[in-house]
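Undergrad: Dumping the structure here so I can ask a few things about it.
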Amino acid sequence: MCYSKALRKTKEQVISRLRAELSLDFTITLEYTPYYHLNGFTHGNIYIIPMDNPEAIYPAAWGLVPDWGLHDPEAFWKKSNTLNARCESIFEKTSYKHSAEDKRCLVLCDGFFEPHHENGVAIPYFCYQPTRTFPEGDLFVMAGLYNKWDDNLYSATILTTEANAFFAEVHNQKKRMPLVLAYDLYEDWLDDGLNPSQINELMAFGFTQRDFKAHPVSRDLYKRGVDTNHPNSVLPVSKDTLF
């Protein structure tokens, strides 16, 4: 599961990092607003690079809306949770099959939150990739799927897969993790010539080799009516239980 995430980088930092990874001149269309904590169930905007325009970054409502739900996305979201899509079943689920074939995207991120259970209590953990330049978390991308309901209106979902050894400790109940792609597979994921077998191979072996860290953060993230979009949401509440 990945139901909340962060993207704290400025527009300039995002473009700079992507240029370094992909050697492409990216543009950010429409609006761009960084955030410390985005709850997926609010269906706020995540930022994606879609197959139909792989040199641009677009906002996308979090929660993929398939074609048959486009007449009333709010009603669709009330009935269906499409914040995440399981890699193992994207070619079987009608909500995702069409997008899996020709509407794949990169989801920009510099951290996400997973529940860690201790003595029956869920504690949110912030997961990130520290680097020398960004010790608090560098930019990375998750594999995603999207759909469009207008020229510049997108919705998207994040792919999840079985947790590796690290995330099995962090997300110790469901044992899932978002599919964070290795940087040298970004362009492969957007390749419109892939068949289902090749896409499945990418999902099976495409997880990044870069190290993650995780630490517990405030349980205020689980409270309703609390503003969590601030720097304190990613700060550790204890240094004794760092992964």
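Undergrad: With the crude spin-label approximation of a point 7 Å out along Cα→Cβ, what separation in nm comes out for Asp150 versus Ala75?
TA: Placing both labels 7 Å along Cα→Cβ, they lie 1.9 nm apart.
Undergrad: What number results when the radius of gyration of the stretch 28-170, computed over Cα atoms, is divided by 2.2 N^0.38 Å?
TA: 1.08
Undergrad: Enter the angle in degrees (range 0 to 90, nearest 10) between the Cα long axis of helix 11-22 and the first principal axis of the Cα atoms of the chain, meaning the one along which they spread out most.
TA: Relative to the chain, helix 11-22 is tipped by roughly 70 degrees.
Undergrad: Follow-up. Rounded to whole Å and ordered largest first, report the semi-axes of the equivalent ellipsoid of the stretch 125-168 derived from its Cα gyration tensor (root of 5λ). Numbers along the way, then the final one.
TA: Numbers: eigenvalues 154, 57, 10 Å².
With the √(5λ) rule applied to the stretch 125-168, the semi-axes are 28, 17, 7 Å.
Undergrad: Take the Cα atoms of the chain, find their three principal axes, and give me the spread along each one in whole Å, biggest first.
TA: Computed over the chain, the largest-to-smallest principal extents equal 47, 41, 35 Å.
Undergrad: May I ask for the angle, rounded to the nearest 10°, between helix 196-205 and the longest principal axis of the chain, with both axes built from Cα atoms and the value confined to 0 to 90°?
TA: That helix lies at roughly 20 degrees to the long axis.
Undergrad: In whole angstrom, how long is each semi-axis of the equivalent ellipsoid of the stretch 151-219, when you take the square root of 5 times every eigenvalue of its Cα gyration tensor and sort them from largest down? Show your work: numbers first, answer last.
TA: Values: eigenvalues 132, 54, 28 Å².
Output for the stretch 151-219: semi-axes of 26, 16, 12 Å.
Undergrad: Follow-up. Kindly state, to the nearest 0.05, the FRET efficiency for Lys11 paired with Gln209, given R0 = 30 Å and r defined as their beta-carbon distance. If you can, show how the numbers build up before the last one.
TA: On the way: r = 28 Å, r/R0 = 0.93.
That gives a FRET efficiency of 0.60.
Undergrad: Just name one of Phe112, Asn195, Ala100: the one whose Cα is farthest towards the positive end of the charge dipole of the chain (beta-carbon charges, Lys/Arg +1, Asp/Glu -1).
TA: Looking along the dipole axis, the top candidate is Phe112.
Undergrad: Also: Output the Kirkwood hydrodynamic radius of the stretch 99-243, Cα pairs only, in Å rounded to one decimal. Please report the intermediate quantities before stating the final value.
TA: Details: mean 1/r = 0.0602 Å⁻¹.
Roughly 16.6 Å, rounded to one decimal.
Undergrad: Please go through the stretch 1-53 and write out the GluC sites (Glu not before Pro) that DSSP classes as loop and that have at most 12 other C-beta atoms within 10 Å. If you can, show how the numbers build up before the last one.
TA: Working: sites: Glu12, Glu21, Glu31; in loops: Glu31.
Listed in order of number, the matching sites are Glu31.
Undergrad: Calculate the FRET efficiency for Asp227 and Asn119 from the Cβ-Cβ distance with a Förster distance of 45 Å, rounded to the nearest 0.05. Intermediate results must be reported in sequence, preceding the final value.
TA: Details: r = 28 Å, r/R0 = 0.63.
So the FRET efficiency works out to roughly 0.95.
Undergrad: Hey, another quick one. Compute the length gained on full extension between Asp220 and Phe41: take 0.36 nm times their separation in residues and subtract their Cα-Cα distance, giving the result in nm to one decimal.
TA: Numbers: separation 179, 0.36 × 179 = 64.44 nm, distance 1.57 nm.
Length gained, Asp220 through Phe41: 62.9 nm.
Undergrad: Would you calculate a helix-derived [θ] at 222 nm for the chain, using -39,500 (n - 2.57) for each DSSP H run of n ≥ 4 and dividing by the full residue count, to the nearest 500?
TA: Values: 6 runs with 45 residues, N = 243.
Helices in the chain give a 222 nm mean residue ellipticity of -5000 deg cm²/dmol.
Undergrad: Take a quick pass over the stretch 111-243 and tell me how many lysine pairs come in under 30 angstrom between Cα atoms, counting only ones 8 or more apart or on separate chains.
TA: Eligible lysine pairs with Cα atoms under 30 Å apart amount to 9.
Undergrad: Calculate the length of the line joining the C-alpha centroid of the stretch 83-115 to that of the stretch 29-64, in whole Å.
TA: Taking the Cα centre of each part, the stretch 83-115 and the stretch 29-64 sit 14 Å apart.
Undergrad: Just to confirm the filter: which GluC sites (Glu not before Pro) across the stretch 32-99 are DSSP coil and have at most 14 other Cβ within 10 angstrom of their Cβ?
TA: For GluC sites (Glu not before Pro) across the stretch 32-99 that sit outside H, G, I, E and B with at most 14 neighbouring Cβ atoms in 10 Å, the list reads Glu55, Glu92.
Undergrad: Taking amide H positions as placed 1.01 Å from N in the peptide plane, with prolines and chain starts having none, which residues 5 or more places from Met51, or on another chain, fall under 5 Å of its amide H?
TA: Arg104
Undergrad: Just subtract the alpha-carbon distance of Glu136 and Thr33 from 0.36 nm times their residue separation and send over the number in nm, one decimal.
TA: On the way: separation 103, 0.36 × 103 = 37.08 nm, distance 1.87 nm.
Fully extending the segment from Glu136 to Thr33 adds 35.2 nm.
Undergrad: So if each residue of separation counts as 0.36 nm, and I subtract the Cα-Cα distance between Asp52 and Lys174, what length gain in nm does that give?
TA: My answer for the length gained is 40.6 nm.
Undergrad: Let me ask you something else. Return, for the Cα atoms of the stretch 179-243, the radius of gyration and Dmax in Å, separated by a comma.
TA: So, for the stretch 179-243, Rg and Dmax equal 17.9, 48 Å respectively.
Read-outs throughout are calculated quantities, based only on the coordinates presented, and are distinct from any laboratory measurement. Because the structure is predicted, anything quoted here is derived from the model rather than measured. Cβ atoms come from the backbone with ideal geometry, glycine included; neighbour counts cover every protein chain shown.
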